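The values are calculated or read from the model by the stated rules, or taken from the named source; none is laboratory data. Just so you know, these numbers come straight off a predicted model, no measurement behind them. Cβ atoms come from the backbone with ideal geometry, glycine included; neighbour counts cover every protein chain shown. These accessible areas exclude ligands, DNA and RNA; they are computed on the full protein's heavy atoms, side chains included. Shrake-Rupley method; radii C 1.70, N 1.55, O 1.52, S 1.80 Å.
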There are 2 protein chains.
Amino acid sequence: MAVGQSHIRKDVRAKVTGKTRYTDDFSMPGMLHAKYVRSPIAHGLVKSIDTTAALAIPGVEAVFTHEDVPKILFATAGHPFSLDPDHQDVADRLLLTDHVRYHGDEVAIVVARDLLTAAQAAKAVIVEYEELPVCVTSEAAMAEDAPAIHPGGNSIKSTTFEIGGKLEDAEKEADLVVEDTFSTPIILHCHLENHVAYAYMDDNDHIVVVSSTQIPHICRRIVGQALDMPWPKIRVIKPYIGGGFGNKQDVVLEPMVAFLTRKLGGVPVKIELEREEGLVATRTRHGQTVTARAGVSNDGIIKFIDLNVISNTGAYASHGHSIPMAAGSKFCNLYPRSVSKFSATTHYGNIPAAGAMRAYGSPQLFFGVESVLEEVARKLGMDSVDFRIKNSARPADIISKTGNKEHSVGMVECLEKGREAIGWDVKKEVYARQEGNIRRGLGVASFSYGSGTYPACVEIAGCRLVLNQDGTVHMQIGATEIGQGSDTALAQMAAETLGVDYDAIHVVSEQDTDVSPFDPGAYASRQTYVAAPAVHRAAGKLKAQILEHYQLMTGEEAETLDLTGGKIIRRDQPESVLLDLHDLALDSYYHKERGGQLTAEVSSKTCTNAPSYGCTFVDLEVDIEMCTVTIRQIINVHDAGKIIHPLSAEGQVHGGMGMGVGMALFEELLVDPESGRIYNGNLLDYKIPTCVDIPDLQCAFVETFDPTSPYGNKSLGEPPIISQGPAIRNAIWDATGVKINEIPMTPKVLFKHFKNAGLI
Amino acid sequence: MAVGQSHIRKDVRAKVTGKTRYTDDFSMPGMLHAKYVRSPIAHGLVKSIDTTAALAIPGVEAVFTHEDVPKILFATAGHPFSLDPDHQDVADRLLLTDHVRYHGDEVAIVVARDLLTAAQAAKAVIVEYEELPVCVTSEAAMAEDAPAIHPGGNSIKSTTFEIGGKLEDAEKEADLVVEDTFSTPIILHCHLENHVAYAYMDDNDHIVVVSSTQIPHICRRIVGQALDMPWPKIRVIKPYIGGGFGNKQDVVLEPMVAFLTRKLGGVPVKIELEREEGLVATRTRHGQTVTARAGVSNDGIIKFIDLNVISNTGAYASHGHSIPMAAGSKFCNLYPRSVSKFSATTHYGNIPAAGAMRAYGSPQLFFGVESVLEEVARKLGMDSVDFRIKNSARPADIISKTGNKEHSVGMVECLEKGREAIGWDVKKEVYARQEGNIRRGLGVASFSYGSGTYPACVEIAGCRLVLNQDGTVHMQIGATEIGQGSDTALAQMAAETLGVDYDAIHVVSEQDTDVSPFDPGAYASRQTYVAAPAVHRAAGKLKAQILEHYQLMTGEEAETLDLTGGKIIRRDQPESVLLDLHDLALDSYYHKERGGQLTAEVSSKTCTNAPSYGCTFVDLEVDIEMCTVTIRQIINVHDAGKIIHPLSAEGQVHGGMGMGVGMALFEELLVDPESGRIYNGNLLDYKIPTCVDIPDLQCAFVETFDPTSPYGNKSLGEPPIISQGPAIRNAIWDATGVKINEIPMTPKVLFKHFKNAGLI
């Protein structure tokens, strides 16, 4: 069985030996380097740009400003194109702007022989600004008299939906209603590899962009749109990439390098962002305010959950309103028997543009949901786990938002497994009798997440398989490996269905939009779910061709045959090998009359979306006087359907848990509320947890089998990050009796709350 | 109509603007450069190699000798793998040798930071040789006491076949028998771009070879064989290449660069040959001796043609015995109603290795055939053209070698068209009455050629088409563009069958064996003939999918629809456009439920081989005292079936005619018969004709339609080179009465013959 085993990852040898070549490891003769000139103010108009001094520096090839770029507004969000104009992303970007909207905005770009010269010249460009009032907070940006950050004003979109019944009715049924407001900060992705891309024009005047991107095919389209070129005249190539976490689900550098090479006659031009640029001048996680209200009956049944989100998307829309809307479509799958009401407003602000980040709004929203429900449970006097078990989704439930029945729902089992693993009941007894400065607490929080974006967006994936001469198979997929292990998982699936060993699958890891099957890319925890049917069907087609070729060779009916372990066998005599696939492959290629190169390709659309589930249990200790939190034990339990590669799945969960702990306790981009200046746009001052900060991470799986995937799997990429925040918050409350409704729960924040509560 | 029009070539803008990137225009960070250490003697054993001085030069990374390379003999010829061990090429090469077999053989290789250092270090490697006796000529090599150049001796293979009846019987029917012996020299390809290749190991420890090769898929296999690696772990990429003429239908540098990168931990290593190395240390055209005997009846019917070829393949077998055998299979298609006997012997010699060159042995063989038949005609007192018309293939003939009926045969029409164009009858009258030093003559010679290699080798080609979002189509083909225009011709075919404009086809010109459809490559004038069915069927499949998608969109039956000019129409109402393909494509990609990326792929084997035909007519003037020849008019007339791209076809003919004139009058690699040293292995001393040497070249086509190709086309790549030699030889004879049975017919050669004939 190839699926379900922890095979050696396809990319692991190159990565652990340091051999992997990332975008910046490639170069081309004559390559030029470009550097942005960035705004030192958060809001203003460019009055003049003097490039004289920059152009005088030896090695400087060109300087371009807003006057040189196409006057074409384009959207950067990594969504597949939508046939519905109302569903298309907000086109609010130019390649360079004369209206700067955040501290770091791009007003000019210098191209030089080397990066050092480009950087020196960028500093020599003299820009004169007219400053405008700055709106950093939601309050400021949404004020009546706020300055317009974009011509249409600062509000991007407000939406409301109500499902599972009428809120009005549910409110009447509720015996207890709790409401609170929760806030989450701007978070940075901090992927290892900075943004880097280069472009050149090929022999046919097509523009080739090589980029560290999660979304090569979308990138192709957006570059085409930004430069008003036919999309197929853009070719995007994605080598291995050093992480993205959603920050490379936006088209950031690619339109610019494409523009530059076109302006410069096709010579290769590279942009590699410095770490500091990458932190603030790409995308961030939206800071949000979530007002959460929940109503329950006295017997502990949730009657309604009513959420109101304010989302500050910053200087440019990017993924904008999709973020709260996507999160809003997920909490209702977790508690599908209550009425769900969801409202969200997204607006501009003079802060760095927020985009996609792992779990796409859900960590923010579930911080509100799982905190307010904790309060409900506690007010009812119910055990937090029992309360969640009582209300969580179960297999018979209808997914309210789509009307589909849930097929595989392991939520209750996850809660039970987590409770057991953390020793909930025993510790609860012990922790109930605490006093003094050091106190321990238990916390739990659940989540649900989608597998892909359907029905919000089209879900399409492609796979092409080629039988090689030695009986191995080359696999081309549109799904992009971004470090998460998708190449490996999809290779396992192909091997499983085809009937060959895992090692017999060679993955063409690099996507090249000229030749790779179409797939929008790595986001929305979609790939193993959405690509699975494409892989499954392509492998089935190739297997059929292989057996048909055996029939051509021997006359034996293909229907009576099978392929297993790379050998042709008779179905009714599986023990005797008829032919090795190697020999069949040679015949198919080189027999003079019969056969051919055996290939199979499938492009498939997925019209289902299987929710995955899970929860975090945490046992922690609070030093009240020091305002510090020490996590004693933390465990994530996931229902991600069938686990394709247990070790990678565990790694995925560990990574998410680490980021979740970082978000809960450490991370926050600080922006001056008056000037919009960034305080800590660097990795010294922006604190991400390191190995000394992160506790041992435990994870467990409840393996269900979702029938909407041929391999039973559901999403696992993003979900591990969602529930740490509320679980830790609930545990601190459990330990101290103090509710913290904001993250990160740093010592500074704890001090404020503990002091307010009279603990110190 | 896309086919039959001279559309703008796909590669022309890049080529005329100098933008085209060839292999040497690419580089990689950290790339090293390698340089061979070559033998200064033609035959001997390496006694010792001292690399101390070379290794001491700063910047030298490594020196490898025969002791370091795998002890795996491999064959280099660019033939598809054969399932029949007896049909596989002779494996007689090591990557480096301690038994040098020609002046220039490879004994060691130096790797350094740059090419200059590598070259310096190569000179610093001290090699001690034990010299062995040298065999340059066929006589020397085939002598009983000749030293063995390879362990098995100097003879590679001897073959005889007799078809169309028994020679014995035909000899009895012949009233006149003529026999003569003809010799042709070693010729060099002189393609513009020298051999260049580099290799590196990718993230999965596969070896990536980027090379100026005509045969990427074959190259992959041979590199795998040479290094004892699974073939799919080799990836070969072919950028645009600057010509090959068969010299890049051999695997020359690729196994070495692959070996070097593997030895050096995967760092990129490049070898670029200097012009002088490329001339003698790659491959040459075989010098041959052809003894030709023909018998005719008194009424001018050829009863038999009996040919005996001695072919000196040089130091290594390379294409070896395939060369005379391939030519031997072609002359019988030209005169299919006579008995054909053919014998050939191929042997080693201490001269540069001969391999494939344009028309693959046919210029040599037809020099014999068309010269001896000229003598027959003259002895019979028949007009040379009439005699050929009488005996040439006609549509009803059976191709003797395969037993197939010939479908399209325009040979007679070619002769008639050429006779008319050159004013044969009028000039013949005038030239009959010549005297004095300056004399004019007329010559004619015919040829036939194959379209591909079937049934000698497997003929397989592949095509994958992808409908882009804007209704254009990306086309991936295994057939390789090597300057001959195959991308353009195949794009025309795809456009024609699909029903879109030629400009709507984007050709992925670069072959990449990981993702390109399988096709052995550019040789044997096979590509437009063998790839045509793959393109035709793939385009038909894609069109069907497009119409089916329209049915999905509208419910209209696909069978009632058609695609033409990129628009969906109803078959019975072709004037009213239902939908633009652009809109259909967007729907297929982005509709949430229906469709997918529409792609179609076909790998097809061709089990036919349509002979093409043609002839050269020449009118020339000989200055007997000066021993010079001035071509007054020369015309090639071709039956290549349907002409896909008239302007490219004309260009192809012009190029071939120029090379043919060069072969007839100028070119010869001179080797010292005693020592085996090369006299003129450089472009100063090896004389290729330039624009001042080449007369105006005329060409004409007799367009037939061969039903074995969906587009009616047959071979045209190589044939234009075949018949200049004998036509010019026959014209000189016509002018002077002197038969020259050797080429090149330089002043030196003419002097010898004119003097012998008593003319001077």
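Residue A:34 meets each of the listed conditions (1) surrounded by fewer than 22 Cβ atoms within 10 Å (Cβ to Cβ); (2) in contact with a strand residue (DSSP E or B) (Cβ under 9 Å, 6 or more places away or on another chain) apart from (1). Somewhere in region A:696-713, is a residue in the same structural domain as residue A:449 (by TED's automatic domain parsing), open to solvent by less than 50 Å² (accessible area, probe 1.4 Å) and under 30 Å from residue A:277 (Cα atoms)? No: zero hits. Anything in region A:94-107 that is surrounded by 24 or more Cβ atoms within 10 Å (Cβ to Cβ) and touching a Ser or Thr at 6+ places or on another chain (Cβ under 8 Å)? List them, or say none. Those that are surrounded by 24 or more Cβ atoms within 10 Å (Cβ to Cβ) and touching a Ser or Thr at 6+ places or on another chain (Cβ under 8 Å): A:100, A:102, A:103, A:104, A:105. Just one of the numbered conditions (1) closer than 22 Å to residue B:195 by Cβ; (2) assigned to a loop (DSSP other than H, G, I, E, B); (3) within 14 Å of chain A (Cβ to nearest Cβ) is not true of residue B:14: (2). Kindly indicate the residue of region B:210-253 that is assigned to a loop (DSSP other than H, G, I, E, B) and touching a Pro at 6+ places or on another chain (Cβ under 8 Å) and also nearest to residue B:195 (Cα to Cα) among those meeting that condition. Residue satisfying both the conditions and the ranking: B:212.
Which of the residues that make up region B:703-734 are under 14 Å from residue B:616 (Cβ atoms) and either hydrophobic (A, V, I, L, M, F, W, C) or over 21 Å from the mean Cα position of the chain (by Cα) (or both)? Hits for region B:703-734 are B:721, B:722, B:727, B:728, B:729, B:730, B:731, B:732, B:734. The numbered conditions (1) outside any loop (DSSP other than H, G, I, E, B); (2) more than 9 Å from chain B (Cβ to nearest Cβ); (3) over 21 Å from residue A:612 (Cα atoms) are all true for residue A:435 except (1). Count of region B:580-599 residues, restricted to those that are over 10 Å from residue B:469 (Cα atoms) and either at pLDDT below 95 or assigned to a helix (DSSP H, G or I) (or both), is 0.
Of all residues in region A:37-46, those satisfying the criterion of being surrounded by 18 or more Cβ atoms within 10 Å (Cβ to Cβ) and of a type outside the set (Ser, Thr, Tyr) are A:37, A:38, A:41, A:42, A:43, A:44, A:46.
Only one of the numbered conditions (1) away from chain A (no Cβ under 14 Å); (2) open to solvent by 10 Å² or more (accessible area, probe 1.4 Å) is violated by residue B:203, and that is (1). Restricting attention to region B:488-508, which residues are within 12 Å of chain A (Cβ to nearest Cβ) and either part of a helix (DSSP H, G or I) or buried (at least 24 other Cβ atoms within 10 Å of the Cβ) (or both)? Of everything in region B:488-508, those that are within 12 Å of chain A (Cβ to nearest Cβ) and either part of a helix (DSSP H, G or I) or buried (at least 24 other Cβ atoms within 10 Å of the Cβ) (or both) turn out to be B:488, B:491, B:503, B:504, B:505. Figure legend. Inter-residue proximity from region B:6-20: first residues under 14 Å from residue A:266 (Cβ atoms), second residues aromatic (Phe, Trp, Tyr), beta-carbon distance below 6 Å, spacing 6+ or different chains. Indicated pairs: B:20/B:240.
Filtered by the rule that a residue be outside any loop (DSSP other than H, G, I, E, B) and crowded, with 24+ Cβ neighbours inside 10 Å, region B:513-541 gives B:527, B:528, B:529, B:530, B:531, B:532, B:534, B:535, B:538, B:539. When restricted to residues that are out of contact with any strand residue (DSSP E or B) (no Cβ under 8 Å at 6 or more places or on another chain) and basic (Lys, Arg), region B:373-388 contains 1. Residues of region B:62-91 that are farther than 20 Å from residue B:262 by Cβ and of a type in the set (Phe, Trp, Tyr): B:81 alone.
Could you list, in sequence order, all residues of region B:45-86 that are assigned to a strand (DSSP E or B) and either of a type in the set (A, V, I, L, M, F, W, C) or at pLDDT below 95 (or both)?
B:45, B:46, B:49, B:60, B:62, B:63, B:64, B:74, B:77
Return yes or no: is residue A:604 open to solvent by less than 40 Å² (accessible area, probe 1.4 Å), within 27 Å of the chain's Cα centre (by Cα) and within 9 Å of chain B (Cβ to nearest Cβ)? Taking the combined requirement at face value, the residue satisfies it. Residues of region A:591-601 that are within 7 Å of chain B (Cβ to nearest Cβ) and in contact with a Cys (Cβ under 9 Å, 6 or more places away or on another chain): A:592, A:593, A:601. Annotation: of all residues in region A:1-31 being polar (S, T, N, Q) and modelled with pLDDT of 95 or more, the one that is least open to solvent (accessible area, probe 1.4 Å) is A:23. Looking only at residues in region A:455-476 that are within 17 Å of residue A:80 (Cα to Cα) and either buried (at least 24 other Cβ atoms within 10 Å of the Cβ) or at the interface with chain B (Cβ under 7 Å from one of its Cβ atoms) (or both), the one that is modelled with the lowest pLDDT is A:455.
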